[in-house]
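Novice: Pasting in a structure now, in structure tokens, and then I'll have a few things to ask.
The values are calculated or read from the model by the stated rules, or taken from the named source; none is laboratory data. Predicted, not measured: the structure shown is a model, and the values here were computed from it. Here the Cβ positions follow ideal geometry from the backbone for every residue, glycine too, while neighbour counts run over all protein chains shown.
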Amino acid sequence: MKRLLITGISGGQGRLLAKRLSEGWQITGVDRVPWEGAPEYVDVKTLDLRKKKFEDVLRKNRPDAVVHLAFVRHFRGSNELRHEVNVGGTRRLLNSCARYGVKQLVVLSSAYVYGALPENPMYMDEDSPLNVARNFPDIRDLAEVEGLVSSFLWKYPEISTSILRPVNTLGYYVHSAIGSYLGLDIVPTVTGFNPMLQFIHEEDVCEALALAIENQLRGVFNVAGPGAVPLKTAIHEIGRRRISVPEPLAHLIIRELFRFRVYDFPPAAMDFIKYQCTVDGSRFVEATGFKPLFSLRDVFASVA
Amino acid sequence: MFYFNKVAELAASAIQSGLSLSSSSLPGLPFADLSRELSDKIDQLPIELNEYGYDPWGFDPDVLKTSMMTAAILYRHYFRVVSVGMDRLPPGRVLLVGNHAGQIAFDGMMVATAMLLEASPPRLARGMGEYWLATLPWLNVLMDRMGHSIGTPSTCAEMLNRDECVLVFPEGVRGMNKVYADAYQLQDFGLGFMRLALETNTPVVPFAVVGSEEQAPGIANLESVAAMLNMPAFPITLTWPLLGPLGMLPLPVRYHIEFGQAMHFEGDHNDEDDAIGRKVEEVKDSIQSMLRRGLAERTSIFL
């Protein structure tokens, strides 16, 4: 049986993927946090990607394929920690992959890397510039990770490396920034703005990761879900109340709340509820035949 | 300057909501029929909507029904538009290219209305707005819901590839905010539309609007004031800024819109500017000759 290593396995997406690939793969997982009650078909090692011991896992285990999910995606900690885990961790992983004969690597990035800018076209393809760092320094590390992985992709043509950029992910297991925003009792929106947002269910993202592995995908791929709706429609469908806040006030409130970490939503993230950051997912569909199982209604119902 | 177009529409759609109330209670009002007609035409638009009633770019027919009502009233009762050549419109993807004038984009509004009310089947003419429109509260949303978009080349190409009808004014501000001495003389055309037409294999339909120049004759365009206010232009007309916001109202001229024969172009869309420019000249010539003919045939500016 071929061997698969999943980093960040204790997170929602890691658990789903382990289950999805449990038949046909011998799975090892690493994570900083333990996975209580992990199923027996997964060998979970609790360790830090940034530590030397992580390399031992690859040396001993010699995985055929690696799925890299170990990213800090929230803003509860410091930017330094984020950067260290996301960029430093990825760099270490890439080095080990090259050294220990990994044949396939899939990295879960995000469509956020394009940034939400007023001049964004509705359907950005994979060649669009990664503008997120322009106005949103807090997630500059995501763009940096992409840079590392793309140069790895060109440097090691013998390794099938792919980057997936899914849109706003919602579901029961996965904790995402958009999920916690839409999970607020009263969801604030910016007065006079109502951008189109694309959503995808966590299990469809899991399916996309599995397809990337099974098809030995190479390259960068957007993963768009079943479609797009205006932000306010999404809030309504999830069954939340909404409050419209004029921009200057919203900015002030969010900045102060974030400064004291009452609410971990950086002010720069506000652009994502003002402007669209929508992508064209046709490249991935052509490469894998991917078809989201969950409709927009299903996606909203799963978090309602 | 799309912005003013939208402001006018926004303001008028507020009036319109009052109108539609009164028109339903008083069936004798002429606008009740117009409202029904507009609504029927919008229902006939060959546009696929998702489960929540939006097209892939955020268009919402219900919003269009209310917001276009003002335009329809202006079309029938104010500018009393005469449109010819709609029967020559090819089915499928099409790029409408025409002359721009009149300080405020009523010409775009009237062409879009003609496409809804007079074309068969009705078409949604999608305008391509300036980037900064996306930063303006409400207007950015209204623009999307009405089927327009921010004018990035990739959005335009995407729309054409999906057989939509896109409306462009290659003169841009140069045409719209020129002074009256230059009336009906086409200014420099941008080349972008031709590259997109070649890339997506889209026929170009030239159109000429006669009447728009007289709706608000420009005396001057204060570019330094415009730069200061971060606006594309700052026109001075007989009434603006003299009469304040009221001065933005256009004169009740009669509009004549002629749609020409579809033009098909072939070639490399990445060709050098000169080669693209020659093709653009063909379109420009076609519009200019329609303008000349239209002006010669016009007997009165207002009647």
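Novice: Restricted to the stretch A:251-260, and to residues that are of a type outside the set (Lys, Arg) and surrounded by 12 or more Cβ atoms within 10 Å (Cβ to Cβ), which residue is nearest to the other protein chains (Cβ to nearest Cβ)?
Specialist: Checked the stretch A:251-260; the qualifying residue nearest to the other protein chains (Cβ to nearest Cβ) is A:HIS251.
Novice: May I pose another question? Would you be able to say whether some residue in the stretch A:259-268 is in a helix (DSSP H, G or I) and either at positive phi or touching a residue at least 40 places away in the same chain (Cβ under 8 Å) (or both)?
Specialist: Yes, the stretch A:259-268 contains a residue that is in a helix (DSSP H, G or I) and either at positive phi or touching a residue at least 40 places away in the same chain (Cβ under 8 Å) (or both).
Novice: Further question on the same structure: Can you tell me which residues in the stretch B:184-234 are β-branched (Val, Ile, Thr) and surrounded by fewer than 18 Cβ atoms within 10 Å (Cβ to Cβ)?
Specialist: Restricting attention to the stretch B:184-234, the residues satisfying the condition of being β-branched (Val, Ile, Thr) are B:200, B:202, B:204-205, B:209-210, B:219, B:225.
The answer is B:ILE219, B:VAL225.
Novice: So, A:LEU293, is that one surrounded by fewer than 16 Cβ atoms within 10 Å (Cβ to Cβ) and of a type in the set (A, V, I, L, M, F, W, C) or not?
Specialist: yes
Novice: Then there's this: Test of understanding: among B:GLY108, B:GLY102, which residue is more than 14 Å from chain A (Cβ to nearest Cβ), under 17 Å from B:PRO250 (Cβ atoms), in contact with a His (Cβ under 9 Å, 6 or more places away or on another chain) and modelled with pLDDT under 95?
Specialist: The match here is B:GLY108.
Novice: Scanning for something in a strand (DSSP E or B) and buried (at least 24 other Cβ atoms within 10 Å of the Cβ), does the stretch B:101-112 turn up at least one residue?
Specialist: Scanning the stretch B:101-112, I find no residue that is in a strand (DSSP E or B) and buried (at least 24 other Cβ atoms within 10 Å of the Cβ), so the answer is no.
Novice: Just the residues that are surrounded by fewer than 17 Cβ atoms within 10 Å (Cβ to Cβ) and either not in a loop (DSSP other than H, G, I, E, B) or not acidic (Asp, Glu) (or both), please, taken from the stretch A:149-164.
Specialist: Residues of the stretch A:149-164 that are surrounded by fewer than 17 Cβ atoms within 10 Å (Cβ to Cβ), as a first pass: A:150-151, A:154-158.
The answer is A:SER150, A:SER151, A:TRP154, A:LYS155, A:TYR156, A:PRO157.
Novice: Do we have A:LEU58 as more than 14 Å from chain B (Cβ to nearest Cβ) and closer than 24 Å to A:ALA268 by Cβ here?
Specialist: Numbers: more than 14 Å from chain B (Cβ to nearest Cβ): yes; closer than 24 Å to A:ALA268 by Cβ: no.
Taking the combined requirement at face value, the residue does not satisfy it.
Novice: Within the set of pairs 6 or more residues apart or between chains, which connect a residue that is closer than 9 Å to A:TYR41 by Cβ and in contact (Cβ under 8 Å) with a residue 40 or more places away in the chain inside the stretch A:16-28 to a residue that is hydroxyl-bearing (Ser, Thr, Tyr) and not in a strand (DSSP E or B) with Cβ atoms less than 7 Å apart?
Specialist: As it stands, the answer is none, since no pair meets every condition given.
Novice: Do we have B:ARG298 as in contact (Cβ under 8 Å) with a residue 24 or more places away in the chain, of a type in the set (Lys, Arg) and in contact with a Gly (Cβ under 7 Å, 6 or more places away or on another chain) here? Spell out the reasoning first.
Specialist: Details: in contact (Cβ under 8 Å) with a residue 24 or more places away in the chain: yes; of a type in the set (Lys, Arg): yes; in contact with a Gly (Cβ under 7 Å, 6 or more places away or on another chain): no.
In short, no.
Novice: Among the residues of the stretch B:165-175, is there at least one that is in contact with a helix residue (DSSP H, G or I) (Cβ under 8 Å, 6 or more places away or on another chain) and either acidic (Asp, Glu) or surrounded by fewer than 20 Cβ atoms within 10 Å (Cβ to Cβ) (or both)?
Specialist: No, because not a single residue in the stretch B:165-175 is in contact with a helix residue (DSSP H, G or I) (Cβ under 8 Å, 6 or more places away or on another chain) and either acidic (Asp, Glu) or surrounded by fewer than 20 Cβ atoms within 10 Å (Cβ to Cβ) (or both).
Novice: Within the stretch A:190-203, can you find the residues that are surrounded by 19 or more Cβ atoms within 10 Å (Cβ to Cβ) and either within 11 Å of chain B (Cβ to nearest Cβ) or touching a Cys at 6+ places or on another chain (Cβ under 8 Å) (or both)?
Specialist: A:VAL190, A:PHE193, A:ASN194, A:PRO195, A:MET196, A:LEU197, A:GLN198 - these are the residues of the stretch A:190-203 that are surrounded by 19 or more Cβ atoms within 10 Å (Cβ to Cβ) and either within 11 Å of chain B (Cβ to nearest Cβ) or touching a Cys at 6+ places or on another chain (Cβ under 8 Å) (or both).
Novice: Out of the stretch A:273-304, which residues are part of a helix (DSSP H, G or I) and either within 14 Å of chain B (Cβ to nearest Cβ) or of a type in the set (D, E, K, R) (or both)?
Specialist: Within the stretch A:273-304, A:ILE273, A:SER282, A:ARG283, A:GLU286, A:LEU296, A:ARG297, A:ASP298, A:VAL299, A:PHE300, A:ALA301 meet the criteria.
Novice: Considering only the stretch A:58-79, how many residues are among the β-branched types (Val, Ile, Thr) and surrounded by fewer than 21 Cβ atoms within 10 Å (Cβ to Cβ)? Quick ask: steps written out before the conclusion?
Specialist: Pass one, the stretch A:58-79, residues among the β-branched types (Val, Ile, Thr): A:66-67, A:72.
Of the ones still in play, those that are also surrounded by fewer than 21 Cβ atoms within 10 Å (Cβ to Cβ) are A:72.
Number of matching residues: 1.
Novice: Report, by residue number, each residue of the stretch A:234-250 that is surrounded by 15 or more Cβ atoms within 10 Å (Cβ to Cβ), within 14 Å of another protein chain (Cβ to nearest Cβ) and not acidic (Asp, Glu).
Specialist: Selection gives A:ALA234, A:ILE235, A:HIS236, A:ILE238, A:VAL245, A:ALA250.
Novice: Within the stretch B:50-61, identify whether any single residue is assigned to a helix (DSSP H, G or I) and modelled with pLDDT of 95 or more, and answer yes or no.
Specialist: Looking for residues that are assigned to a helix (DSSP H, G or I) and modelled with pLDDT of 95 or more, one finds at least one in the stretch B:50-61, hence yes.
Here is a yes/no grid of residues against (1) at pLDDT below 95; (2) in contact with a Ser or Thr (Cβ under 8 Å, 6 or more places away or on another chain); (3) outside any strand (DSSP E or B):
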site	(1), (2), (3)
A:ILE6	no, yes, no
A:ALA18	no, no, yes
A:GLU36	yes, no, yes
A:LYS53	yes, no, yes
A:ASP56	yes, no, yes
A:PRO63	no, yes, yes
A:VAL66	no, yes, no
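Novice: Being among the charged types (D, E, K, R) and either in contact with a strand residue (DSSP E or B) (Cβ under 6 Å, 6 or more places away or on another chain) or crowded, with 19+ Cβ neighbours inside 10 Å (or both) is the filter here, so list the residues in the stretch B:255-297 that pass it.
Specialist: Result: B:GLU258, B:LYS279, B:LYS284.
Novice: Can you spot a residue in the stretch B:255-271 that is of a type outside the set (Asp, Glu) and free of Cβ contacts under 8 Å to residues at least 40 places away in the same chain?
Specialist: Within the stretch B:255-271, not a single residue is of a type outside the set (Asp, Glu) and free of Cβ contacts under 8 Å to residues at least 40 places away in the same chain.
Novice: In the stretch A:117-154, how many residues are within 14 Å of chain B (Cβ to nearest Cβ), over 24 Å from B:ASN140 (Cβ atoms) and in contact (Cβ under 8 Å) with a residue 24 or more places away in the chain?
Specialist: 1
Novice: In the stretch A:216-233, which residue that is under 17 Å from the mean Cα position of the chain (by Cα) and in a strand (DSSP E or B) is nearest to the other protein chains (Cβ to nearest Cβ)?
Specialist: Once the filter is applied, the top-ranked residue is A:ASN222.
Novice: Quick one: which residue in B:SER154, B:SER149 is more than 18 Å from B:PRO61 (Cα to Cα), of a type in the set (Gly, Ala, Ser) and within 14 Å of another protein chain (Cβ to nearest Cβ)?
Specialist: So the residue among B:SER154, B:SER149 that is more than 18 Å from B:PRO61 (Cα to Cα), of a type in the set (Gly, Ala, Ser) and within 14 Å of another protein chain (Cβ to nearest Cβ) is B:SER154.
Novice: Related question: I'm trying to understand the selection: among the residues of the stretch A:88-122, which are surrounded by fewer than 19 Cβ atoms within 10 Å (Cβ to Cβ) and of a type in the set (Val, Ile, Thr)?
Specialist: Those that are surrounded by fewer than 19 Cβ atoms within 10 Å (Cβ to Cβ) and of a type in the set (Val, Ile, Thr): none in the stretch A:88-122.
Novice: In the stretch B:117-140, what residues are hydrophobic (A, V, I, L, M, F, W, C), at pLDDT 95 or above and in contact with a strand residue (DSSP E or B) (Cβ under 8 Å, 6 or more places away or on another chain)?
Specialist: Answer for the stretch B:117-140, where residues must be hydrophobic (A, V, I, L, M, F, W, C), at pLDDT 95 or above and in contact with a strand residue (DSSP E or B) (Cβ under 8 Å, 6 or more places away or on another chain): B:LEU124, B:ALA125.
Novice: Which helices (runs of 4 or more DSSP H) sit wholly inside the stretch B:121-207 and have at least 2 residues that are in contact with a Ser or Thr (Cβ under 6 Å, 6 or more places away or on another chain) and not hydroxyl-bearing (Ser, Thr, Tyr)?
Specialist: In the stretch B:121-207, the matching helices (runs of 4 or more DSSP H) lie at B:153-161.
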